[in-house]
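First the structure, in the form of structure tokens, and then the observations on it.
The values are calculated or read from the model by the stated rules, or taken from the named source; none is laboratory data. Keep in mind the model is a prediction, meaning the values are calculated, not measured. Virtual Cβ from ideal backbone geometry, glycine too; neighbours counted across all protein chains shown. Calculation scope for accessible area: heavy atoms of the full protein, side chains included, ligands and nucleic acids excluded. Shrake-Rupley method; radii C 1.70, N 1.55, O 1.52, S 1.80 Å.
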Amino acid sequence: MAASPVVWVNGPIVVGAGPAGLSVAACLRERGVPSVVLDRADCVASLWRHRTYDRLRLHLPKHFCELPGMPFPDSYPEYPTKSQFVCYLEAYAARFHVRPRFNTSVTSARYDDAGGLWRVHAENAAGGVVTQYIGRWLVVATGENAERVLPKIDGIKDFCGPVSHVSEYKSGALYRGKQVLVVGCGNSGMEVCLDLCDHNALPAMVVRDSVHVLPREMLGVATFSVAVFLLRFLPLWMVDRILLLLAWLFLGNLDKLGISRPSGGPLALKNTRGRTPVLDIGALARIRSGDIQVVPGIRRFFCDGAELVDGRRVTADAVIMATGYHSNVPQWLKGCDFFTQEGYPRLPFPDGWKGQSGLYSVGFTRRGLSGVSLDAVKVAQHIAMTWNNHTATA
């Protein structure tokens, strides 16, 4: 058998060509450091391009979502659309000459103590050839949303209708006139239910856990902007209390709608457990009008629907799992305990960007695109400092 090709990388090996991988590669290039970016997909930001619904917009104002070194075009609205964000990422990659090696799936990465180098094995999707990439630095930039989460629910195989994950959902056009059970009440679940209503479907949203719901804007000002401003002067716990008071004033008592709030504050839960608060863009009004039915957790499925934990039965023609995503880092990063079994750095923010032996991470802060940018700048600065010192002594 022929030996696997070996590629020496004169710079960092970056795994992932989403916003995290693009931003760190761009920051490195701006500091004179070359890199090789590997991605299993066939394009930049494949999650945004292929695994999101049509009506999706950025949930936060655009200035909170810019990547380092390039603002959004002035012509973009405050909340850019999915297609606008994809165009922005393509333009970002072109501007900073980031050219990922697509269809290249990393199967393992391990640090070689004897050689003081990282050995990354990646398989080409076309021919199945496994190439070994060798370099001094490894940047993990596959993000928090690499793989779908599909919960195990009794009887799911007995359900006679289609069962899909929200990553496959594009619009409610295919569900017109149908009863759809949407499992999950996060931003995706709420927005899919709203989209189903707009296409004259009949959604029922399964609320399995408590969740914070905040207005996206208050009197024309983004709620996130209010939170960021208050955090400049007040401790996080106090800002959480203010946000909950404002949410009650603007949205009312959600317990009456079957939606309970967690005991921890929205920002605290986001920072510690990655539980993002829902930013309401109209779903609550459709719940109040009866267009969206809210139901508790599912005990088991049947051919034509499901039995709920309270004993009621609901009928359904289709099921959409809006149950989120998870990191896949433990599947391919070997011999390293920098990441937990859940695929997040063990060190909490803001210290989770740097490991040992030239290992770095970008995009695991649980703080969205703003966290990606913070990580990318730190990682690029640190690698560039080492790179320049090595160059000066070479």
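A quick yes/no check of all residues on (1) in a strand (DSSP E or B); (2) touching a residue at least 40 places away in the same chain (Cβ under 8 Å):
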site	(1), (2)
Ala227	no, yes
Leu234	no, no
Asp240	no, no
Leu243	no, no
Leu246	no, no
Lys256	no, no
Arg261	no, yes
Leu279	yes, yes
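Quick one: how many residues across segment 116-156 are assigned to a strand (DSSP E or B), closer than 30 Å to Val166 by Cβ, over 22 Å from the mean Cα position of the chain (by Cα) and among the aliphatic types (A, V, I, L, M)?
Number of matching residues: 1.
Considering only segment 289-307, how many residues are touching a residue at least 24 places away in the same chain (Cβ under 8 Å) and over 11 Å from Gly258 (Cβ atoms)? Break it down into steps so the answer makes sense when it comes.
Filtering segment 289-307 for residues touching a residue at least 24 places away in the same chain (Cβ under 8 Å) gives 291-306.
Among the residues that remain, those that are also over 11 Å from Gly258 (Cβ atoms) are: 291, 297-306.
Summing the residues that are touching a residue at least 24 places away in the same chain (Cβ under 8 Å) and over 11 Å from Gly258 (Cβ atoms) in segment 289-307 gives 11.
Say we look at segment 312-322 and pick out the residues that are surrounded by fewer than 20 Cβ atoms within 10 Å (Cβ to Cβ) and in contact (Cβ under 8 Å) with a residue 12 or more places away in the chain; which of these is nearest to the chain's Cα centre (by Cα)?
It comes out as Ala318.
Among the residues of segment 1-31, write down those that are more than 15 Å from Thr131 (Cα to Cα) and open to solvent by 50 Å² or more (accessible area, probe 1.4 Å).
Asn10, Arg29, Glu30, Arg31
Out of all the residues in segment 76-89, is one or more aliphatic (A, V, I, L, M) and either surrounded by fewer than 18 Cβ atoms within 10 Å (Cβ to Cβ) or over 17 Å from the mean Cα position of the chain (by Cα) (or both)?
Within segment 76-89, none of the residues are aliphatic (A, V, I, L, M) and either surrounded by fewer than 18 Cβ atoms within 10 Å (Cβ to Cβ) or over 17 Å from the mean Cα position of the chain (by Cα) (or both).
For residues in segment 207-225 being more than 21 Å from Asn253 (Cβ to Cβ) and hydrophobic (A, V, I, L, M, F, W, C), which is nearest to the chain's Cα centre (by Cα)?
Within segment 207-225, the match that is nearest to the chain's Cα centre (by Cα) is Phe224.
Could you tell me which residue of segment 324-336 is farthest from Arg51 (Cα to Cα), considering only residues that are open to solvent by 20 Å² or more (accessible area, probe 1.4 Å) and under 16 Å from the mean Cα position of the chain (by Cα)?
His326
Among the residues of segment 257-268, write down those that are among the hydrophobic types (A, V, I, L, M, F, W, C) and open to solvent by 20 Å² or more (accessible area, probe 1.4 Å). Steps first, answer last, please.
Of all residues in segment 257-268, those among the hydrophobic types (A, V, I, L, M, F, W, C) come to 257, 259, 267-268.
Within segment 257-268, Leu257, Leu267, Ala268 meet the criteria.
Please work out which one of (1) over 26 Å from Cys185 (Cα atoms); (2) open to solvent by less than 70 Å² (accessible area, probe 1.4 Å) is the condition Ala306 fails and give its number.
Checking Ala306 against (1) over 26 Å from Cys185 (Cα atoms); (2) open to solvent by less than 70 Å² (accessible area, probe 1.4 Å), the one that fails is (1).
Just the residues that are on the phi > 0 side of the Ramachandran plot and open to solvent by 30 Å² or more (accessible area, probe 1.4 Å), please, taken from segment 183-201.
Asn200
Residue by residue, here is whether (1) more than 19 Å from Asp280 (Cα to Cα); (2) of a type in the set (Val, Ile, Thr); (3) open to solvent by 10 Å² or more (accessible area, probe 1.4 Å) holds:
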| site | (1), (2), (3) |
| --- | --- |
| Ile156 | yes, yes, yes |
| Gly220 | no, no, yes |
| Leu244 | no, no, yes |
| Leu254 | no, no, no |
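Which pairs turn up if I take residues in segment 349-375 that are in contact (Cβ under 8 Å) with a residue 12 or more places away in the chain and look for partners that are basic (Lys, Arg) and assigned to a loop (DSSP other than H, G, I, E, B) with beta carbon separation below 8 Å, at least 6 apart in sequence or on another chain?
Between residues of segment 349-375 that are in contact (Cβ under 8 Å) with a residue 12 or more places away in the chain and residues that are basic (Lys, Arg) and assigned to a loop (DSSP other than H, G, I, E, B), the close pairs are Phe349/Arg366; Phe349/Arg367; Gly352/Arg346; Gly358/Arg136; Leu374/Arg367.
Of (1) open to solvent by 20 Å² or more (accessible area, probe 1.4 Å); (2) within 28 Å of Thr365 (Cα to Cα); (3) assigned to a loop (DSSP other than H, G, I, E, B), Gly290 satisfies all except one. Which?
Looking at each condition in turn, Gly290 falls short on (2).
Sort through Val211, Val207, Val180 and tell me the only one that's farther than 27 Å from Leu245 by Cβ and either open to solvent by 10 Å² or more (accessible area, probe 1.4 Å) or in contact with a strand residue (DSSP E or B) (Cβ under 8 Å, 6 or more places away or on another chain) (or both).
On the way: Val211 fails: farther than 27 Å from Leu245 by Cβ; Val207 fails: farther than 27 Å from Leu245 by Cβ.
Exactly one of Val211, Val207, Val180 is farther than 27 Å from Leu245 by Cβ and either open to solvent by 10 Å² or more (accessible area, probe 1.4 Å) or in contact with a strand residue (DSSP E or B) (Cβ under 8 Å, 6 or more places away or on another chain) (or both), namely Val180.
Sort out which residues of segment 39-62 are open to solvent by 20 Å² or more (accessible area, probe 1.4 Å) and either touching a Leu at 6+ places or on another chain (Cβ under 8 Å) or under 17 Å from Val278 (Cβ atoms) (or both), and write them in order of number.
Trp48, Arg55, Arg57, His59, Leu60
What are the pairs with Cβ atoms under 6 angstrom where one residue, in segment 136-159, is more than 22 Å from Gly18 (Cα to Cα) and the other, located anywhere, is hydroxyl-bearing (Ser, Thr, Tyr)? Sequence gap at least six, or different chains.
Note: pairs meeting the criteria are Pro151/Thr323.
Could you check, for segment 54-62, whether at least one of its residues is at positive phi and either under 17 Å from the mean Cα position of the chain (by Cα) or of a type in the set (A, V, I, L, M) (or both)?
Within segment 54-62 (the criterion being at positive phi and either under 17 Å from the mean Cα position of the chain (by Cα) or of a type in the set (A, V, I, L, M) (or both)), the answer is no, since none of the residues qualifies.
Determine whether Gly274 is in contact (Cβ under 8 Å) with a residue 60 or more places away in the chain and either open to solvent by 50 Å² or more (accessible area, probe 1.4 Å) or within 22 Å of the chain's Cα centre (by Cα) (or both).
Numbers: in contact (Cβ under 8 Å) with a residue 60 or more places away in the chain: yes; either open to solvent by 50 Å² or more (accessible area, probe 1.4 Å) or within 22 Å of the chain's Cα centre (by Cα) (or both): yes.
Considered against the rule, which asks whether it is in contact (Cβ under 8 Å) with a residue 60 or more places away in the chain and either open to solvent by 50 Å² or more (accessible area, probe 1.4 Å) or within 22 Å of the chain's Cα centre (by Cα) (or both), Gly274 comes out as yes.
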